[in-house]
């Protein structure tokens, strides 16, 4: 498996992956904000507006994640530890038939490396307080839960990871 930056040419594969993942989540957990399928146009905009990483096995895109510079003015950042620069981790997705192979963990580790190189002092994210959420996954990777939030009436939690080793 390799992890690298997504290119514009990956837009169709990224869209297909994310539609497969969100459809699987809707099947497993019911309809919710986690089951909104993106269009290719949305994926193309995300490629322009964020750093998108892809995990590939052979030439196939089997996982993805996005990083953006966190803007504390666009969200209630009061739960997070104040830092000079934080990156927001968004949209971690792994093909359903490839889960359990370390792809998601490898993508998170790549995000940590990018945060250190940026340089940023923290990675921030949110996850659903629902069976569809991934809080335990992130906790196993060194993130700590820092506070509650709500998105589209769905309870969520904020998590952070510091680039400064304890």
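Where a number appears in this text, it was derived from the coordinates with a stated rule and is not lab data. Just so you know, these numbers come straight off a predicted model, no measurement behind them. Positions of Cβ are backbone-derived with ideal geometry, glycine not excepted, and every protein chain shown enters the neighbour counts.
Computing FRET efficiency as 1/(1 + (r/R0)^6) for residue 73 and residue 27, where r is the C-beta to C-beta distance and R0 is 45 Å, gives about 0.75.
Within the chain, DSSP assigns beta bridges of which about 90% are antiparallel (rounded to the nearest 5). Once the gyration tensor of the Cα atoms in region 8-138 is diagonalised, the equivalent ellipsoid follows with semi-axes of 23, 18, 15 Å, ordered largest first. Over the chain, DSSP H runs of length four or greater, each weighted -39,500 (n - 2.57), average out per residue to a 222 nm ellipticity of -9000 deg cm²/dmol. Residues 152, 112, ranked from the fewest to the most other C-beta atoms within 10 Å, line up as 152, 112.
Just subtract the alpha-carbon distance of residue 20 and residue 59 from 0.36 nm times their residue separation and send over the number in nm, one decimal.
Separation in residues times 0.36 nm, less the Cα-Cα distance, equals 12.3 nm.
Averaged over residues, the count of other Cβ atoms within 10 Å places the peptides 55-66, 135-146 in the sequence 55-66, 135-146, highest first.
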